[in-house]
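Remarks on the structure that follows.
The values are calculated or read from the model by the stated rules, or taken from the named source; none is laboratory data. Because the structure is predicted, anything quoted here is derived from the model rather than measured. Don't worry about glycine lacking a Cβ; one is built from the backbone with ideal geometry, like all the others, and counts go over all protein chains shown. SASA here: full protein model, heavy atoms, side chains in, ligands and nucleic acids out. Shrake-Rupley method; radii C 1.70, N 1.55, O 1.52, S 1.80 Å.
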Amino acid sequence: MKTIIGVLLKICFGLVALVFMAACGLSFFQIPVDITRFKGPVEELLGDALQRQVAIEKSIVLSTSLKPRFTVQGVRIKNTPGFADDTFLYLDSAAIQIELVPLLQRKLHIADFQVQRLEINLEENADGSVNWARPGSAQQAAEQPVEPIEPAEQAAAMKQPGETKFAVTSDTIVVKQLNFEAISLSYLQPDLPK
């Protein structure tokens, strides 16, 4: 009976050690995980948020470590109907690397942020509508009356019962390395040549 308990304890200890070693391996070594198969839900979420058609034409990769890196390639955001250019934004490649340990302290430390070949096509129609505003946002803003809010009322409305106060300090958001390459911005207006 004692040998069975001893064997079971050794197996349990071995499994715990194996899980711990796997977690350490994922934490310290960058292991790329291709998550392109989830691009459908990501495109749908982005499309709903932006109220535009979003397509990820290439890949999405997540590299595990204590500084995970998220890379996306080939993002195309379509223009809303009624504008000359079909594409509002095209992003060839973007990568962001975030440090996990500062997140435990409610801080966002971005170790590296890279953007390569970003093309933005801004356009204005003859009726004054622009493609960088959300569809219908100008009409909604014109229809809603603006009522002034007193600062005390605004602060009371924002505070929830039992909510802890979050202090923003100089190191709450830190970007250590920022790199933009091949950025193109075009602006098309009805009376200007293309």
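Would you check which residues across the stretch 49-88 are touching a residue at least 40 places away in the same chain (Cβ under 8 Å) and under 15 Å from the mean Cα position of the chain (by Cα) and list them? Hits for the stretch 49-88 are LEU50, ARG69. A single member of ALA167, ALA152 is among the aliphatic types (A, V, I, L, M) and modelled with pLDDT of 70 or more, and it is ALA167. Of all the numbered requirements in (1) crowded, with 17+ Cβ neighbours inside 10 Å; (2) touching a strand residue (DSSP E or B) at 6+ places or on another chain (Cβ under 6 Å); (3) among the hydroxyl-bearing types (Ser, Thr, Tyr), THR80 misses one, and that requirement is (2). Filtering GLY47, GLY74 for residues that are touching a strand residue (DSSP E or B) at 6+ places or on another chain (Cβ under 8 Å), on the phi > 0 side of the Ramachandran plot, modelled with pLDDT of 90 or more and surrounded by 15 or more Cβ atoms within 10 Å (Cβ to Cβ) leaves a single hit, GLY74. When the residues of the stretch 94-122 are filtered to those that are under 28 Å from THR172 (Cβ atoms), part of a strand (DSSP E or B) and among the polar types (S, T, N, Q), the one that is most open to solvent (accessible area, probe 1.4 Å) is GLN116.
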